Amino acid sequence: MKQFGIDVSHHQQPASLPWATFAESSSFAICRGSYGTMKDRVTAEHIKRARGVGLKVGLYHFYRPSQPVQDQLAVFRAQLDLVKTSPGDIIPVIDVESDPLPKPGTAVSPAWQGSVLEFVDAMVSELGDCMVYITQREFGMLGAPAWLLTRPLWVAHY
């Protein structure tokens, strides 16, 4: 079943977004909760506004291969607690894409597979489930791991 939704982060200011218009064509909003070990500063406001127009909500974590998995997971869990995710919300998501920092950035590669899988397994173990947000291009760059296809997927299309 195909569904459409939006993803937002601190790059979009919550008060300036047309939330009612989003609700006309989208069924969900997934908000960035964390970027590596940094909290997204507007997560709670995005969630509040999305819930206010009746969208299903969820949080995603932008994975950074340069930082310890457990440190990243701790920050993401704190954000989930902050917005009080509960049954009926979208399962937690890991965003696997090239990391723009440090400049010029770190491209997805097969070397990421072990730590991405560790993060996914930790999310499933600690949070109950995990969806992977990835493009077809970056799935190939990751080495097209078969294990990833066993997870719920959110395939980005820009």
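The values are calculated or read from the model by the stated rules, or taken from the named source; none is laboratory data. In this text the structure is predicted, and so the values were computed from the model without any measurement. Cβ sites come from the backbone with ideal geometry, for glycine too, and all protein chains shown count toward neighbours. Keep in mind that these areas ignore ligands, DNA and RNA; they rest on the heavy atoms of the full protein, side chains included. Shrake-Rupley method; radii C 1.70, N 1.55, O 1.52, S 1.80 Å.
Of all residues assigned to the stretch 113-125, at least one qualifies as being open to solvent by 50 Å² or more (accessible area, probe 1.4 Å) and of a type in the set (Asp, Glu). Each residue in the stretch 21-62 was checked for being under 23 Å from GLU97 (Cα atoms), β-branched (Val, Ile, Thr) and out of contact with any strand residue (DSSP E or B) (no Cβ under 7 Å at 6 or more places or on another chain), and 2 pass.
Going by the conditions given, is LYS56 at pLDDT 95 or above, surrounded by fewer than 20 Cβ atoms within 10 Å (Cβ to Cβ) and among the charged types (D, E, K, R)? No, not satisfied.
Going residue by residue through the stretch 104-111, is there one that turns out to be within 15 Å of the chain's Cα centre (by Cα), more than 17 Å from VAL69 (Cβ to Cβ) and surrounded by 11 or more Cβ atoms within 10 Å (Cβ to Cβ)? No, the stretch 104-111 contains no residue that is within 15 Å of the chain's Cα centre (by Cα), more than 17 Å from VAL69 (Cβ to Cβ) and surrounded by 11 or more Cβ atoms within 10 Å (Cβ to Cβ). When the test is whether a residue is at pLDDT 90 or above and either in a helix (DSSP H, G or I) or among the charged types (D, E, K, R) (or both), ALA23 passes it. Screening the candidates VAL93, VAL120, VAL108 for the property of being on the phi < 0 side of the Ramachandran plot, in contact (Cβ under 8 Å) with a residue 40 or more places away in the chain and aliphatic (A, V, I, L, M) yields one hit, VAL93.
For the stretch 105-158, give me each residue that is of a type in the set (Lys, Arg) and farther than 18 Å from GLN72 by Cβ. Answer for the stretch 105-158, where residues must be of a type in the set (Lys, Arg) and farther than 18 Å from GLN72 by Cβ: just ARG137.
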